[in-house]
1. Taking Thr184 as the residue in question, decide whether it is crowded, with 21+ Cβ neighbours inside 10 Å, among the polar types (S, T, N, Q) and either within 11 Å of the ligand (Cβ to nearest atom) or under 14 Å from the mean Cα position of the chain (by Cα) (or both).
2. Say whether the condition of being in a loop (DSSP other than H, G, I, E, B), in contact (Cβ under 8 Å) with a residue 60 or more places away in the chain and aromatic (Phe, Trp, Tyr) is met by at least one residue in region 92-99.
3. Output the residues belonging to region 1-27 that are in a loop (DSSP other than H, G, I, E, B) and not hydroxyl-bearing (Ser, Thr, Tyr).
4. Would you please name the residue that is farthest from Ile250 (Cα to Cα), looking only at residues in region 126-154 that are in contact with a Leu (Cβ under 8 Å, 6 or more places away or on another chain) and among the aliphatic types (A, V, I, L, M)?
5. Might you let me know whether region 103-117 holds any residue that is more than 15 Å from the chain's Cα centre (by Cα), at pLDDT 95 or above, assigned to a helix (DSSP H, G or I) and more than 16 Å from the ligand (Cβ to nearest atom)?
6. Residues that are farther than 23 Å from Thr112 by Cα, crowded, with 17+ Cβ neighbours inside 10 Å and within 13 Å of the ligand (Cβ to nearest atom): does region 158-175 have at least one?
7. Residue under question is Leu17, and the condition is that it be surrounded by 14 or more Cβ atoms within 10 Å (Cβ to Cβ) and either under 25 Å from Gly182 (Cα atoms) or over 20 Å from the mean Cα position of the chain (by Cα) (or both); does it hold?
Amino acid sequence: MKTALITGASSGIGLELAKIHASKGGNLVVVARNKAKLEELKSDLEKQYGIHVYVIAKDLAVPNAAIEVFEETENDGIQIDYLINNAGFGLYGKFEHTDWLEESNMIQVNITALTQFTKLYLPGMIQRKQGKILNVASTAAFVPGPTMTVYCATKPYVLSFSEALNNEVSHYGISVTALCPGATKSGFSVAAKADKSALFQNSKLATSEEVAQFGYDAMMKGKQVVIHGILNKFLAFIVRFTPRVLVVKISRKVIDK
Ligand SMILES: NC(=O)c1ccc[n+]([C@@H]2O[C@H](COP(=O)([O-])OP(=O)(O)OC[C@H]3O[C@@H](n4cnc5c(N)ncnc54)[C@H](OP(=O)(O)O)[C@@H]3O)[C@@H](O)[C@H]2O)c1
């Protein structure tokens with residue numbers, strides 16, 4: 001049975017990904033800061049599916065937290081077959097007013113930890129000639145986002161990194177999938193102080209369950225990039241042919257409160 005390590009499994013898309021993997025009979029390593037939520041998830045999933053869930057409470061904004069997680073799984077002899085880099089957060093506000101510590105933590109979680117986890121778990125996958133990596137990017141990977149400037153700049157990194165790495169490792173039988181959701185119902189908007197943003201006012205927002213199922217299926221099929229939702233797919237396509245200045249202006253209108 002395959003074991004998946006999921007970062008950010010205490011809430012939203014990550015929590016739903018954990019439920020989906022458990023429902024297939026897979027074991028889990030779940031990582032996030034909120035230990036109580038992870039323990040609750042462990043108890044629910046172990047009871048419901050008879051699988052094993054290993055909880056690691058860790059703040060991924062702390063440099064080298066990924067190494068500590070890796071050492072813990074290595075010391076306990078846990079093989080990671082699927083690595084799901086999902087943890088991430090945003091921050092609403094004009095760059096001139098936002099807090100550097102929050103932004104530097106964001107870069108650490110959204111970019112550095114994701115890259116370091118991949119660096120650490122990839123060699124084992126290469127040795128076994130199998131493995132799957134799912135990196136949660138965003139439709140922000142295609143469009144700059146004024147008033148969520150740093151967050152939106154972290155996601156093109158995730159997309160570019162995933163696409164290039166998939167090209168490097170696919171011949172080993174390993175796939176790297178970038179999942180690009182649009183605005184989704186989860187803890188994200190409140191954590192980003194963006195709950196009043198026009199982006200999250202749509203009553204037809206995708207649910208975390210829908211996005212997680214879509215991403216999990218794409219990872220299992222070994223797809224390189226997947227965009228959730230027809231409108232989001234269309235937007236990612238049309239921005240290629242729209243003047244960049246106009247794209248950024250429209251993006252500001254969509255995100256700004
Ligand atoms: N919701 C959206 O509209 C949307 C759209 C596109 C992409 N995404 C991406 O989807 C991913 C999941 O977000 P979500 O929407 O499910 O939001 P969420 O409900 O707020 O979940 C975020 C998860 O990341 C974890 N996390 C945040 N900071 C962390 C830290 N310092 N250390 C460890 N874990 C941390 C949180 O756990 P703890 O708080 O317990 O640490 C939580 O489990 C993110 O990468 C986000 O950028 C979201």
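1. Yes; evaluated as a whole, the condition is true for this residue.
2. Yes, because at least one residue in region 92-99 is in a loop (DSSP other than H, G, I, E, B), in contact (Cβ under 8 Å) with a residue 60 or more places away in the chain and aromatic (Phe, Trp, Tyr).
3. At the first step, the residues of region 1-27 found to be in a loop (DSSP other than H, G, I, E, B) are 1-2, 8-11, 24-26.
Selection gives Met1, Lys2, Gly8, Ala9, Lys24, Gly25, Gly26.
4. Ile133
5. Scanning region 103-117, I find no residue that is more than 15 Å from the chain's Cα centre (by Cα), at pLDDT 95 or above, assigned to a helix (DSSP H, G or I) and more than 16 Å from the ligand (Cβ to nearest atom), so the answer is no.
6. Within region 158-175 (the criterion being farther than 23 Å from Thr112 by Cα, crowded, with 17+ Cβ neighbours inside 10 Å and within 13 Å of the ligand (Cβ to nearest atom)), the answer is no, since none of the residues qualifies.
7. yes
The values are calculated or read from the model by the stated rules, or taken from the named source; none is laboratory data. Treat the numbers as computed from the prediction; the structure is a model and nothing was measured. No Cβ is skipped: glycine too gets one built from the backbone with ideal geometry, and neighbour counts run over all protein chains shown.
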